[in-house]
Amino acid sequence: MAINIVIPTLLRNLTGNADLVELEAATVEEALHKLDETYPGFRARVCEPSGDLRQFINIYINGEDIRFLDNLASPIPGGAEVSIVPAIAGG
Amino acid sequence: MSFVYGLKCRECGRQYAKQPTAGCEDCFAPLEVAYDYDAIKRAISRAAISSREKNLWRYKELLPLDGDPVVGRASGATPLLKTNRLAQALGVKNLYIKNDSVNAPTLSFKDRVTAVAINKALEFNLSAVGCASTGNLANSVAANAAMAGLPAYILIPFDLEPSKVIGTSVYGANVIAVRGNYDDVNRLTSQVADRHGWGFVNVNLRPFYGEGSKSVGYEIAEQLGWRAPAAIICPMAGGSLISKIHQGLKEFEQLGLLDNEVTTRIYGAQAAGCNPIVDAVKRSSRQIKPVKPNTIARSLAIGNPADGYHAAGVIAESQGWAEDVTDAEIVDGIKLLAETEGIFTETAGGVTVAVTKKLIAQGRLDAEELMVIVITGNGLKTAEAVQLAPPIIIEPHINQFEQAIKGFAATSSL
């Protein structure tokens, strides 16, 4: 089932300025893999060379930080909204 | 005149033009303002600084404005007080308080960062300003936006302390309460900032905003007679302030403005109910594991602190440490500061006082050395956190008064 991925401004130069990408994926890892196939270089921007999510970027599934779930292995329910959001300063 | 030549990524070093920018396009790390320190060194001196008005603009060469400030002209220059009774209560000799609970215009250290950010919004000709906030930033952005004549869009958690909500709305700001915690508000704000071309002080104005915090470090050094203290104890939420204070001291050292070398140990304070940076320091790591906050110290309740990585690094490199305290200890800290020094601080200040007490008990702070506690906010904003016995009510008769004060004598604690 399709999911929607919200793309932040800082990554839109890779997605042809698209702010929302629809694709089918069962986990965050799979979603990143598919994004990387369509938009080469996408995964390297979001993840460290080690494969882990970069320190200064957050991914949320329906508003829940994947670091509270199963990180990149977190399952994505059908129809979910996945947001990729750079960290912002305290307030 | 500005000594800024651009922005630079704190982690990978990539350079950017001086414009509103949320973060590094390559690694998403925060950007920092890059200065021409050689030119600043020729322009700045103790005499020049001392001759200027008492506010944060006396350090204007080290702040990123292109012109003169329009708003925030009274911000900064808060008192540095040598404590007597608090030092005695904690068993130390040289304990100072940097008291930003009386900062202007809105009684917290955030007046320093918004002073810079809102002036930058004016310089960039932005049509509106905004922020995500746990309260103090909201107050300060709203007040300075009003003075600048800019509309303000302020996003806060829905269950914030009433005084912090009123202290934002009163300035005519557009306040949006989000059902969620601060980290939820942050996520939404980042998406709002992406969509609207406004100046969000902690998103696309963040590189400039953080610079205001350096003035805490400059002031501490100047007020100590151009010296860096042995230790600074500072509360941590997003983790920016603590590293900016350290940067301020290092800049003064680099510019030859100090009598001593900066060997200041930096100590971070958090609530036990939201301690992701303390946790990283105790693991000897810079990697932050986000938490779900649960503490009365709402202004420090950031579970995923964006500058935590850097803060943990600064603490470790300075050979400092970080500690956390329970909500009960926080309230005791607020009362201790009020009853010994006559300063009513908010919950964040209670955290800092209580952590200082803990660090002294652990032997991490020496009884003789010069230490400075940074008190960042005012107690009247979080008055409900301190549950006190209501006053005794009497009839207007002298004998009832005499009866009442017998009870006070019995319960006096200090």
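From least to most packed, judged by other beta carbons within 10 angstrom and beginning with the fewest, B:E25, B:E161 follow the order B:E25, B:E161. Amide H to amide H, with H built 1.01 Å from N, B:A34 comes under 5 Å of B:Y5, B:G6, B:L7, B:K8, counting only residues 5 or more places away or on other chains. Based on DSSP H segments of at least four residues, each scored -39500 (n - 2.57), the protein assembly as shown has a per-residue ellipticity at 222 nm of -10000 deg cm²/dmol. Each residue, B:E53 and B:Q362, gets one label point 7 Å from its Cα in the Cβ direction; the gap between the two is 4.2 nm. Taking the Cα centre of the protein assembly as shown as origin and assigning +1 to Lys and Arg Cβ atoms and -1 to Asp and Glu Cβ atoms, the resulting dipole is close to 1040 debye. Modelled label positions at B:Q400 and B:V170, each set 7 Å beyond Cα in the direction of Cβ, lie 3.3 nm from each other. Anything over 25 Å Cα to Cα? Flag those among B:K82/B:K244; B:K18/B:K110; B:K98/B:K292; B:K82/B:K250; B:K110/B:K282, in the order listed. In this structure, B:K98/B:K292; B:K110/B:K282 exceed 25 Å between Cα atoms.
Counting Lys +1, Arg +1, Asp -1, Glu -1, what net charge surrounds B:S240 among other residues with beta carbon under 9 Å of its beta carbon?
Numbers: positive: B:R206, B:K244; negative: B:D307.
Summing Lys/Arg as +1 and Asp/Glu as -1 gives +1.
In terms of its alpha-carbon gyration tensor, segment B:182-266 comes out prolate; a/c meets the 1.5 threshold, and the first ratio a/b outweighs b/c. Considering only A:L72, A:F42, A:T27, and ranking their Cα positions along the charge dipole of segment A:2-86 that arises from unit charges at the beta-carbon of Lys, Arg, Asp and Glu, the one farthest toward the positive end is A:F42. Think of each Lys and Arg Cβ as +1 and each Asp and Glu Cβ as -1; about the Cα centre, that makes the dipole of segment B:307-356 roughly 80 debye. Here the simple spin-label model places points 7 Å from the Cα toward Cβ, and for B:R14 and B:T326 these points are separated by 4.7 nm.
If you put +1 on each Lys and Arg Cβ and -1 on each Asp and Glu Cβ, how big is the dipole of segment A:2-86 around its Cα centre, in Debye rounded to 20? Each step should come with its number before you reach the end.
On the way: 6 positive and 13 negative charges, 60 e Å.
Using only the charged Cβ atoms, the result is roughly 280 debye.
Centre-to-centre separation between the Cα atoms of segment B:104-169 and those of segment B:231-281: 24 Å. Taking a spot 7 Å from the Cα of A:D52 along the direction of its beta carbon, which residues of segment B:304-322 have an amide N less than 13 Å from it? Only B:309 fall inside the zone, counting backbone N under 13 Å. Remark: the Cα gyration tensor places segment A:1-88 in the rounded category, a/c being less than 1.5. Rounded, prolate or oblate: which fits segment B:255-373, taking a ≥ b ≥ c as square roots of the Cα gyration tensor eigenvalues, rounded meaning a/c under 1.5, else prolate when a/b beats b/c? Oblate, because a/c is 1.5 or more while a/b does not exceed b/c.
No value in this document is a laboratory result; all are computed from the given coordinates. Since the model is a prediction, treat every value here as computed from it, not as a measurement. Ideal geometry is used to build each Cβ from the backbone, glycine not excepted, and the neighbour counts take in all protein chains shown.
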